[in-house]
1. With a sphere of radius 13 Å drawn around the Cβ of His169, what net charge do the other residues whose Cβ falls strictly inside it have (Lys, Arg +1; Asp, Glu -1)?
2. Summing -39500 (n - 2.57) over the DSSP H runs of n ≥ 4 in the chain and dividing by its residue number, what mean residue ellipticity at 222 nm do you reach, to the nearest 500 deg cm²/dmol?
3. Longest exposed-loop-site-free stretch of the chain, with GluC sites (Glu not before Pro), DSSP loop and at most 15 other Cβ within 10 Å?
4. For Lys83, go through the aspartates and glutamates and keep the ones whose alpha-carbon is under 13 Å away, minus same-chain ones fewer than eight residues off.
5. Checking the table Lys15/Lys101; Lys15/Lys178; Lys12/Lys178; Lys53/Lys104; Lys65/Lys175 against a 32 Å threshold on Cα-Cα, which pairs fail?
6. Could you put His169, His46 in order, starting from the residue whose Cβ has the fewest other Cβ atoms within 10 Å?
Amino acid sequence: MGLSEIEARIDKACKAASRPREDVQLIAVSKVQPNDRVEAVLRQGHRLFGENKVQEAAAKWPAFKAKYDGVSVHLIGPLQSNKTRQAMELFDAIHTLDRPKLAKTIARLAQEMGTCPDLFIQINTGEEPQKAGVAPSDADGFIADCRGLDLPIKGLMCIPPVDETPSLHFALLQKLAKRNDLPGLSMGMSSDFEQAIAFGATHVRVGSAIFGERTSSA
Ligand SMILES: *Cc1c(COP(=O)(O)O)cnc(C)c1O
């Protein structure tokens, strides 16, 4: 597989769902991938990437951003409070706002810095104890609290449980977003992005299907 095949599959999934292609952004998830693979995708003209670790992104992206215009990098992995400032400086969007303490820290830093990345709230749609994210039953309250802090909440994000039908989780996320008037839905990975598009995904996060298998886990 590769970038052009994934682009073609996204086109097709948008047509099947009667959605305009420009409503879906492809986040190429470059975590752990060797730099030559990442650069190959940059050379093909792709400009939107996802990373799941602040440290790794800080080591990789400043140089690529200096070399290629218009690059955006989104954080799609968990954010520790003590790395919030660095993350806000580095990323154009954070998809993993998942707790009140982090919301307060981001709000305080946004005041101080005068700018804030776009934010997505991670919802633990499968209510898995080991997974980050706000419980679906707490979502409405947490979204309201974030809005009360003036945070630029753009949408919701989920990572469905590996052993369950993802579409049930995509449908739940879509319902929560709709009821809270949020336009963004960050959902769908290499194995299920077409289904996510059918349920309204605006940001699909695709890694291995573009770059090849990751050589170490992340
Ligand atoms: C790694 C990762 C992806 C991409 O996974 P693939 O299966 O390689 O497409 C998407 N979202 C998150 C949150 C990830 O950590």
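1. Values: positive: Lys131, Lys175; negative: Glu127, Glu128, Asp163, Glu164, Asp192.
Net charge around His169: -3.
2. Numbers: 9 runs with 92 residues, N = 218.
That calculation yields -12500 deg cm²/dmol at 222 nm.
3. Details: sites that count: Glu127, Glu164, Glu213.
In the chain, the maximal stretch lacking such sites is 1-126.
4. Leaving aside aspartates and glutamates fewer than 8 places away in the same chain, those within reach of Lys83 are Glu56.
5. Numbers: Lys15/Lys101 41 Å; Lys15/Lys178 22 Å; Lys12/Lys178 24 Å; Lys53/Lys104 21 Å; Lys65/Lys175 36 Å.
In this structure, Lys15/Lys101; Lys65/Lys175 lie more than 32 Å apart at Cα.
6. Values: His169 24, His46 21.
In order of increasing Cβ crowding within 10 Å: His46, His169.
Just so you know, all these numbers are worked out from the coordinates, no wet-lab data involved. Nothing here was measured: the structure is a model prediction, and the numbers come from that model. Cβ sites come from the backbone with ideal geometry, for glycine too, and all protein chains shown count toward neighbours.
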